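Asker: Next up is a structure, given as structure tokens.
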Amino acid sequence: MLQTLSLLLENKPGALMRVVGVLAARNYNVESLTVARTIDETLSRMTIVVDVESKVRAQVVKQLNKLVNVLQAQDLTEERSVAREMVLLRVRAEMANRTAILKEAEIFQARVVDSSVEGFAIECTGDPEKLDEFVDLMRSYGEIEVTRSGLVAVTLEPKKLRLASPVPMGAAEEEEEQQERVLSK
Amino acid sequence: MASTTTTQPIAAGTLLSGSQILLECLRREGVDLIFGYPGGVTLPFYDAMYDHEIQHVLVRHEQNAAFAAQGYSRATGKVGVCCATSGPGAMNLVTGLVDAMMDSIPVVAITGQVTSKLIGTDAFQEADTFGITRPATKHNFMVKHVSELPRIIHEAFYLASTGRPGPVLVDIPKDIFQASSHYQPVDSIHLPGYKLYTEGHTGQIRRAAQMIWESERPMVYAGGGIIHSHAHDELKELVELADLPTVNTLMGLGALPGNHRNFISMPGMHGSYAANMGMYNTDLIIALGVRFDDRVTGRLAAFAPHAKVIHVDIDPSEISKIRNAELPIVGDAKKVLQKLNRVMRELEPEMRALKSNQRAEWWNTIRGWMEEHPLKHEFSIDQIKPQHLMAEINRISNGEAIVTTDVGQHQMWAAQLIRYDHPRLWINSGGLGTMGFGLPSAIGAQMACPDKLVFTICGDGGFQMSIPEFATIANHKLPIKIIVMNNGYLGMVRQWQELFYNNRLSQVTLDSFPDATMLAGAYGFKGRTIDKPEELRAALEEAVNEPGPYFLNVRVTPTENVYPMVPAGGAINEMVLTPPQPVAVA
Ligand SMILES: Cc1ncc(C[n+]2csc(CCOP(=O)(O)OP(=O)(O)O)c2C)c(N)n1
């Protein structure tokens, strides 16, 4: 089943690679992945849609949360959330079809972003099923070329962000000394 | 620039080179020993080391630097450190890092990288170490500026040694070693995304105590996590408190002393009958720092079908990864067990009697299984049986020696038949099962514990993967007792070909084994070959009494197989116990 994940991660070298790497190594199928900086430019927000068996759903989140650069990985699949995707498509339109295409676009609240003798470039946002319908419809008018953004989602039940607090350097050293004492007993 | 030959901390603001900063950070982390191999881009680092007090052991192959660092760590619990140059050096470390990853061993690897300006140009000896080692490590870093060095080095040690331990790699471009900077000591580590769950949920721990008292056929399944968290005393307390039968996994041997009356043995593919029957029939698995490895569970659907599971692990992703846990507890084994023992005692007065009859009956059943099919020490009068070899090593060790092994049949026999009465005596490659591990890990263990008796037991196959380390052993006069269980085959593979491929022995014969006396002699130490059972005891004693290294090549029955055996994908209660046997002579 499709699982929607929202990740907040540090904008550090290799962070994106780590996320993608874990998904690949654990054999989780990625449907889509979007990533961009947040208002805090040291952080990125990622929305990932993976296709996994429902019994490994919790595993996916745990594996992602384990990454040092991931501040929070949340499963939005069953949470109250809003998810949107954008499609940009070019449709070849015969003169006879042009008005009809514009009508359809209007129904889907899509916007024409370019128009030429060959046809239109159209932008449409919505949930993925609605976009599927729109794409199907456009295909019936002629040759099309489609680019989809992948899902972006935001939760409507924000979880408190739990972060690790700084640890004084001595703390780990002390623990080691203690272990040595145990060993030398 | 200031000299760094001192044990005193270097003052903040001192102008140092990147290499000197690295050495100072290592000193602060308590590192006194590095295993490594130099090269072009690490020249500045090795130059700084020249007049620094840190000890560097020059191994003969970088893979062995990683294994030696592991041996050091596995024997002490401290972080092991290895070092390699860019490109080929770093690539040679990779197997050792993955091995450490699989067994959760804290290792910090320092690798040199080509000069920053050349990165991405396919420069001489450039490899994408950062990219290639990402899945081989718990975390890795590439240093972009010399000022980041202290922070990154301390983060690396912190990550390697806390939570679920593991290998961490720091890739350092040559110009960073050379750059100079006013040293700023780090006073705290801040990794906001690295959350540790060590305490364990109090309510869950209370429920666990209740479940343990209420169970009729409990079984403690303890593993490497107990050893990593130094929780062996707490484990013993729990086991004695409620008189619990206990199995230790391959990674956990020694967690409960091998001579403890509650210790049954190792479960799994080559586990004992009693351990596997116990796991199959239990009604409550108390899983402590284990990961339900497929070598333990056999066919999952048939594993412990009647049991509820209490699973204690520091890594949340281990819980319910393989087997669903009715009662998960995320936390450090030591802390969780301390709390659990407290609650167990609290509940003891009202609950001890509750299932005492069923518990007594359960123990009777288990003792029955143990007597019915004990792990066998086989003997013969004309050939040295592998089991006989292990029995004799066991006699000398008496539960106290460090034993590192390679991978294969000898590893399983050494796990079955040699007793480990303390944690950190038994050192082997469990998760990755990497041949070539035995000899270099013994180097690390012996360097860490100069006064301990260290055996490395290898097959004639794996041994030949790390022969170059004879030089390191000779160099440092390490009194390691190198025992090759020589069956003339890649024994474990031959066993599978015999059992599952109609005995079509494809590429498993190992001819041309070198002469032991000459080989050891070439490196300046003693060695010999034996093949008669009556020579075994004296030869082992001679080896142990030799103050320096000793190489004993023991020719054993070539075609002996390891039993019991749960064939891959089989159910643990349907193990194959013994092959058709000729009459054993004692
Ligand atoms: C690096 C590596 N290559 C291959 C294997 C597969 N393998 C597992 S056991 C084994 C045979 C080991 O033979 P030997 O070292 O003689 O030990 P024995 O089984 O005879 O005790 C092999 C080839 C491995 N575990 N590691």
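The values are calculated or read from the model by the stated rules, or taken from the named source; none is laboratory data. Computed from a predicted model, the values in this text were never measured in an experiment. Every residue, glycine among them, receives a Cβ derived from its backbone with ideal geometry; neighbour counts consider all protein chains shown. Calculation scope for accessible area: heavy atoms of the full protein, side chains included, ligands and nucleic acids excluded. Shrake-Rupley method; radii C 1.70, N 1.55, O 1.52, S 1.80 Å.
Asker: Where does the charge balance sit around residue A:153 when Lys and Arg score +1, Asp and Glu -1, over other residues with C-beta under 12 Å from its C-beta? Mind showing how you got there, number by number?
Answerer: Values: positive: A:45, A:80, A:84; negative: A:75, A:79, A:85, A:127.
Charge balance in the 12 Å sphere: -1.
Asker: Can you compute the modelled spin-label distance between residue A:20 and residue B:518, with each label point 7 Å from Cα toward Cβ, in nm?
Answerer: It is 5.4 nm.
Asker: Then there is this: Excluding ligands, DNA and RNA, what is the solvent-accessible area per residue of segment B:24-69 at a probe of 1.4 Å, expressed in Å²?
Answerer: Details: 1640 Å² over 46 residues.
I get 36 Å² per residue for this part.
Asker: Still on this model: Please give the charge dipole size of chain A, origin at the Cα centre, charges +1 on K and R Cβ atoms and -1 on D and E Cβ atoms. Round to the nearest 20 debye.
Answerer: Working: 24 positive and 30 negative charges, 46 e Å.
Here the size comes out at about 220 debye.
Asker: What shape does chain B take by its C-alpha gyration tensor, where a ≥ b ≥ c are the square roots of the eigenvalues and a/c under 1.5 counts as rounded, a/b above b/c as prolate, and the rest as oblate?
Answerer: It comes out oblate by the Cα gyration axes.
Asker: Compare the peptides B:246-253, B:496-503, B:57-64 by average per-residue count of other Cβ atoms within 10 angstrom and give them in order, highest first.
Answerer: Output ranking for B:246-253, B:496-503, B:57-64: B:246-253, B:57-64, B:496-503.
Asker: Using a 10 Å cut-off around each Cβ of peptide B:191-201, what is the average number of partner chain Cβ atoms that fall inside?
Answerer: 5
Asker: How large is ³J(HN,Hα) for each residue in segment B:367-380, as worked out from phi by the Karplus curve 6.51 cos²θ - 1.76 cosθ + 1.60 (θ = phi - 60°), to whole Hz, x for Gly and Pro?
Answerer: 4, x, 4, 5, 6, 4, 9, x, 5, 8, 8, 7, 9, 8
Asker: Under a Cβ-only charge scheme (Lys and Arg +1, Asp and Glu -1), can you give me the dipole magnitude of the protein assembly as shown about the Cα centre, in debye to the nearest 20?
Answerer: I would put it at about 740 debye.
Asker: Could you derive backbone 3J(HN,Hα) for segment B:273-287 from the dihedral phi with the Karplus parameters 6.51, -1.76 and 1.60 (θ = phi - 60°), listing whole Hz in sequence and x where the residue is Gly or Pro?
Answerer: 4, 4, 5, 6, 5, x, 5, 5, 9, 5, 9, 8, 8, 9, 8
Asker: Taking 0.36 nm per residue of sequence separation and subtracting the Cα-Cα distance, how much length would be gained by fully extending the chain between residue B:197 and residue B:353, in nm to one decimal?
Answerer: Extending this stretch completely gives an extra 52.7 nm.
Asker: Sort B:458-464, B:214-220, B:542-548 by packing, meaning the average of other beta carbons within 10 Å per residue, with the highest value first.
Answerer: Ranked by mean Cβ neighbours within 10 Å, highest first: B:458-464, B:214-220, B:542-548.
Asker: Based on the Cβ-Cβ distance from residue B:381 to residue B:243, what FRET efficiency comes out when R0 is 41 Å, to the nearest 0.05? All intermediate terms of the calculation are to be shown ahead of the outcome.
Answerer: Values: r = 42 Å, r/R0 = 1.01.
It comes to 0.50.
Asker: Take peptide B:224-231, look around each residue's Cβ out to 10 angstrom, count Cβ atoms belonging to other protein chains, and average those counts.
Answerer: Mean partner-chain Cβ count within 10 Å for B:224-231: 1.
Asker: Another one. Listed here are the pairs B:78/B:355; B:385/B:481; A:130/A:160; B:236/B:452; which of them are more than 30 Å apart at the Cα?
Answerer: B:78/B:355; A:130/A:160
Asker: Under 5 Å between amide hydrogens, which residues at least 5 positions from residue B:33 or on another chain qualify, with H placed 1.01 Å from N in the peptide plane?
Answerer: When sequence neighbours closer than 5 places are left aside, the close amide H contacts are B:55.
Asker: Quick one: 3J(HN,Hα) in Hz for segment A:94-102, Karplus 6.51/-1.76/1.60 with θ = phi - 60°, rounded, Gly and Pro as x.
Answerer: Working through the residues one at a time gives 5, 3, 5, 8, 4, 5, 4, 4, 4 Hz.
Asker: Now for a separate question. Using amide H atoms built in the peptide plane, which far-off residues or other-chain residues are under 5 Å from residue A:115 H to H?
Answerer: A:121
Asker: Using alpha carbons only, how many angstrom separate the centre of segment B:309-359 from the centre of segment B:487-536?
Answerer: Their Cα centres are 45 Å away from one another.
Asker: What ranking do B:519-526, B:37-44, B:420-427 get when scored by the average of other Cβ atoms within 10 Å per residue, highest first? Provide the component values of the computation, followed by the final result.
Answerer: On the way: B:519-526: 16.9, B:37-44: 20.8, B:420-427: 23.6.
Going from most to least packed, we get B:420-427, B:37-44, B:519-526.
Asker: Still on this structure, I have one more. Which distance in Å, rounded to a whole number, links the C-alpha centroids of segment B:186-229 and segment B:233-305?
Answerer: For segment B:186-229 versus segment B:233-305, the Cα centre distance is 17 Å.
Asker: For peptide A:58-71, how many partner chain Cβ atoms fall within 10 Å of a residue's Cβ, on average?
Answerer: The per-residue average across the peptide is 5.
Asker: Over 30 Å between C-alpha atoms is what I'm after, so list which of B:138/B:526; B:339/B:376; A:66/B:334 land there.
Answerer: B:138/B:526; B:339/B:376
Asker: Could I ask something else about it? Can you list the residues in segment B:118-141 whose accessible area drops by at least 40 Å² when all protein chains are present, compared with the chain alone? Use a 1.4 Å probe, heavy atoms only.
Answerer: B:130, B:134, B:139
Asker: Let me ask another. Using a cut-off of 17 Å between alpha-carbon atoms, which aspartates and glutamates can reach residue B:308, once sequence neighbours fewer than 8 places away in the same chain are excluded?
Answerer: Cα-Cα hits under 17 Å: B:214, B:216, B:283, B:318, B:326.
Asker: Same structure again: For segment B:498-586, what class follows from the C-alpha gyration tensor (a ≥ b ≥ c being the square roots of its eigenvalues): rounded when a/c is under 1.5, otherwise prolate if a/b is larger than b/c, else oblate?
Answerer: Judged from the Cα gyration tensor, segment B:498-586 comes out prolate (a/c at least 1.5, a/b above b/c).
Asker: How large a share of the accessible area of chain B, in percent, is made up of carbon and sulfur atoms when the probe is 1.4 Å and the other protein chains stay in place?
Answerer: That fraction is 52 percent.
Asker: Amide H to amide H under 5 Å from residue A:81: which residues, 5+ apart in sequence or cross-chain, H placed 1.01 Å off N in plane?
Answerer: A:156
Asker: Semi-axes of the equivalent ellipsoid of the protein assembly as shown: what are they in whole Å, largest first, if each equals the square root of 5 times a C-alpha gyration tensor eigenvalue?
Answerer: Working from the Cα gyration tensor, I get semi-axes of 49, 35, 27 Å.
Asker: For the protein assembly as shown, what does the helix formula give at 222 nm: sum of -39500 (n - 2.57) over DSSP H segments with n ≥ 4, over the residue count, nearest 500 deg cm²/dmol? Don't skip to the answer; put the middle values down first.
Answerer: Working: 27 runs with 277 residues, N = 771.
After summing the helix terms and dividing by the residues of the protein assembly as shown, the value is -10500 deg cm²/dmol.
Asker: Right, next: Rounded to the nearest Å, what's the spacing between the alpha carbon centres of segment A:114-153 and segment B:19-39? Just the number, please.
Answerer: 58 Å
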